[in-house]
Every structure is written in C-alpha cells, then in structure tokens.
1. Using a simple spin-label model with points 7 Å from Cα along the Cα→Cβ vector, what separation in nm is obtained for residue 113 and residue 68?
2. Between residue 95 and residue 129, what is the spin-label point distance in nm, taking each point 7 Å from the Cα along the Cα→C-beta axis?
Amino acid sequence: MSRRRFLATSAAAAGALAARPRGEAAPASSGRTVRVGMGQRARLLLSPCAWAVTPDHDNTKEPYGRDLWDLAYRLFAEKQRIATVAVSNVGRMEAGPWQGRYCIGSSLAFGPDGTVLARLPYGVEAEAFRAIDVPLAG
C-alpha cells in the first residue's frame with residue numbers, strides 16, 4: 001500500500017468517490033462525473049457529512065455518533081479494505097428543516113483495516129484542521 005498525505009478538516013466539505021461495477025459513472029460533489037474503468041477500484045473514500053444535534057445535546061452523556069457513525073464507517077472500511085474519511089462541518093444551521101441545530105464537526109478517518117486514524121473535536125465551534133497519513137488501497 002502506498003501512503004499519501006490527506007488533509008482532514010471539520011470546516012471544509014469533501015467529495016466522494018465510489019467505485020462502481022463495470023465502469024459505471026460515480027457522481028462527484030463538484031457536479032462532474034468521475035469514471036472508474038473495468039477492474040479498477042477506488043483507493044480512498046471521502047464522505048462529506050453535516051452531523052447536527054439539537055442545542056441541548058450533551059455530548060458527555062451521549063457521545064455523538066459512537067454507536068452509529070463510528071461503527072458504520074469502520075465496518076465499511078474493513079469490508080471494502082479502503083481508507084474512509086468522513087468530513088463534517090461546524091456551526092449553527094440558519095435555515096431549512098434543521099434550522100437551529102448545531103453542526104458539530106467530529107470528522108473521522110479510518111484505515112483500510114478499520115483502525116481509527118483520526119477523530120477531530122466535537123462542538124459547534126470546534127473548527128479544526130489536521131494533516132494525517134492515510135494508507136491508500138492498491
């Protein structure tokens with residue numbers, strides 16, 4: 001496996017690249033289409049997130065995402081044998097159906113074997129930027 005430096009931040013959005021069977025197109029967050037050829041597979045999955053809680057959420061009593069997102073992303077990384085990075089934003093939702101909720105960061109990175117590579121801080125003002133080494137598949 002080769003290693004590349006990947007920048008993870010809870011203040012920025014990330015695009016997603018997922019390999020599709022038989023060279024089908026996979027949508028990219030920029031609106032462009034990324035094609036993966038026959039026999040090729042993704043080497044890294046980037047998952048944009050907007051994890052939000054109500055203002056009264058107490059993370060010390062109920063740690064956000066530990067029983068849901070940690071498990072789901074870890075199992076995906078292990079099963080697909082691909083590094084998986086989930087990047088969330090921070091701040092108060094100002095409009096829409098979740099108006100008033102707080103986006104709370106907590107970005108995650110898992111290696112292809114499911115090990116936690118990084119866990120960024122929780123909180124509506126927990127803007128963070130961290131450079132990590134991510135082992136790429138193949």
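Please treat every number below as a calculation from the coordinates, not as lab data. Values in this document were obtained by computation on a predicted structure and should not be read as measured data. When we count neighbours, we look across all protein chains shown, and the Cβ atoms used for this are built from the backbone with ideal geometry, even at glycine.
1. 3.0
2. Placing both labels 7 Å along Cα→Cβ, they lie 2.7 nm apart.
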